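**Q** Sharing a structure, written as structure tokens. Questions coming.
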Amino acid sequence: MSLDTAVIRELAERLETCELQARDTLKITLDHPEMDWDDAYAVQDEILRRKLSRGARVAGLKAGLTSFAKMRQMGIETPIFGFLADTFLVPDGGQCRHADLIHPKVEPEIVFVTKAPLKGPGCSIAEVLAATDFVLAGIEVIDSRYRDFKFDLKSVVADNCSSSRFVVGGIMRDPRDLDLRTTGAVMEKNGRIVSLGAGAAVLGHPANAVAMLANHLGRRGAGIPAGTLILTGGLTEAVAVEPGDHVALHMQGMGCTSLTFV
Ligand code: OOG
Ligand code: MG
């Protein structure tokens with residue numbers, strides 16, 4: 001850690017206020033170039049603490065920058081991790097107020113729900129699959145608090161990995177019955193296909209994102225509890241949305257989930 005507690009608190013307040021007021025800001029590493037990974041996750045933890053103190057609950061966890069396309073683009077080898085608050089959840093087929101957000105984008109994701117705890121280090125894909133209750137389709141709405149989505153990795157981790165809204169739905173499937181590497185995803189905006197992908201786009205197998213999350217938490221003395229919902233990361237690049245847009249995700253063998261921006 002290189003930042004003191006007062007600075008961590010101030011950065012968390014700045015980023016969360018931008019989230020709540022739908023305003024953007026410049027990346028925080030401009031003011032704090034010495035910030036390290038622990039500082040970045042400490043700011044994210046402080047944003048979570050602020051939300052919990054106002055009565056929010058944790059609805060799940062997420063991995064980000066897990067697709068080979070995004071990793072290449074950012075020049076990184078390890079994903080980033082964040083939390084999902086219950087206030088982020090949009091009901092399946094429901095509405096999301098565009099004016100509450102800054103510059104939202106949608107991405108198709110495979111969602112895991114666990115039935116047994118997972119703890120790293122050394123957590124493997126096999127352990128993840130054995131601990132998975134079911135998988136289903138999800139659309140994540142990301143909304144970086146940074147102007148024009150321009151950030152570096154530490155800034156985006158502090159900003160809870162651009163988390164903003166998410167919807168899950170479709171058919172709950174046992175991952176043992178599927179080959180999640182070849183599971184296809186088709187996302188449509190207003191009936192037109194805007195992205196196409198397969199499960200293997202996420203770290204070769206989306207269960208890998210869950211294993212890496214368990215290993216990341218393990219290094220911090222934590223784990224993934226049973227019953228945790230996890231977004232494993234966009235299979236494709238994210239797509240910008242405007243008010244009035246209807247977005248539907250068809251995931252092979254898992255049905256469909258959708259939301260409308262109003
Ligand atoms: C960071 C969040 C990325 C994903 O699924 O890759 C993410 C961003 O691109 O703003 O959620
Ligand atoms: Mg995502």
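**Q** Scan the stretch 28-44 and tell me whether some residue there is touching a Phe, Trp or Tyr at 6+ places or on another chain (Cβ under 6 Å) and of a type outside the set (Phe, Trp, Tyr).
**A** no
**Q** Just to check your reading of the model, which residue among 137, 214 is surrounded by 21 or more Cβ atoms within 10 Å (Cβ to Cβ) and either in a loop (DSSP other than H, G, I, E, B) or in contact with a Pro (Cβ under 8 Å, 6 or more places away or on another chain) (or both)?
**A** Going through 137, 214 in turn, just one is surrounded by 21 or more Cβ atoms within 10 Å (Cβ to Cβ) and either in a loop (DSSP other than H, G, I, E, B) or in contact with a Pro (Cβ under 8 Å, 6 or more places away or on another chain) (or both): 137.
**Q** I would also like to ask the following. In a helix (DSSP H, G or I), touching a residue at least 24 places away in the same chain (Cβ under 8 Å) and buried (at least 18 other Cβ atoms within 10 Å of the Cβ): which single residue out of 157, 167 fits that description? Step through it out loud before you land on a result.
**A** Details: 167 fails: in a helix (DSSP H, G or I).
Step by step, each of 157, 167 is checked, and only 157 is in a helix (DSSP H, G or I), touching a residue at least 24 places away in the same chain (Cβ under 8 Å) and buried (at least 18 other Cβ atoms within 10 Å of the Cβ).
**Q** Quick check on residue 247: is it out of contact with any helix residue (DSSP H, G or I) (no Cβ under 6 Å at 6 or more places or on another chain), under 17 Å from residue 166 (Cβ atoms) and surrounded by 13 or more Cβ atoms within 10 Å (Cβ to Cβ)?
**A** Working: out of contact with any helix residue (DSSP H, G or I) (no Cβ under 6 Å at 6 or more places or on another chain): yes; under 17 Å from residue 166 (Cβ atoms): yes; surrounded by 13 or more Cβ atoms within 10 Å (Cβ to Cβ): yes.
Yes.
**Q** Going by what's in this entry, would residue 144 be described as within 11 Å of ligand 1 (Cβ to nearest atom), open to solvent by less than 10 Å² (accessible area, probe 1.4 Å), in a loop (DSSP other than H, G, I, E, B) and in contact (Cβ under 8 Å) with a residue 12 or more places away in the chain?
**A** The answer is yes for residue 144.
**Q** All but one of (1) in a strand (DSSP E or B); (2) farther than 21 Å from residue 160 by Cβ hold for residue 226; which doesn't?
**A** Evaluating residue 226 over (1) in a strand (DSSP E or B); (2) farther than 21 Å from residue 160 by Cβ leaves (1) as the failure.
**Q** Tell me which residues, restricted to the stretch 147-194, are within 16 Å of ligand 2 (Cβ to nearest atom) and among the charged types (D, E, K, R).
**A** Scanning the stretch 147-194 gives 159, 165.
**Q** Evaluate the following for residue 232: is it within 12 Å of ligand 1 (Cβ to nearest atom), open to solvent by less than 20 Å² (accessible area, probe 1.4 Å) and on the phi < 0 side of the Ramachandran plot?
**A** yes
The values are calculated or read from the model by the stated rules, or taken from the named source; none is laboratory data. No experiment lies behind these values; they were computed from the predicted model shown. Cβ coordinates were reconstructed from backbone atoms using ideal geometry, including for glycine residues, and neighbour counts include every protein chain displayed. We work out accessible area using only protein heavy atoms, side chains counted, and drop any ligands, DNA or RNA first. Shrake-Rupley method; radii C 1.70, N 1.55, O 1.52, S 1.80 Å.
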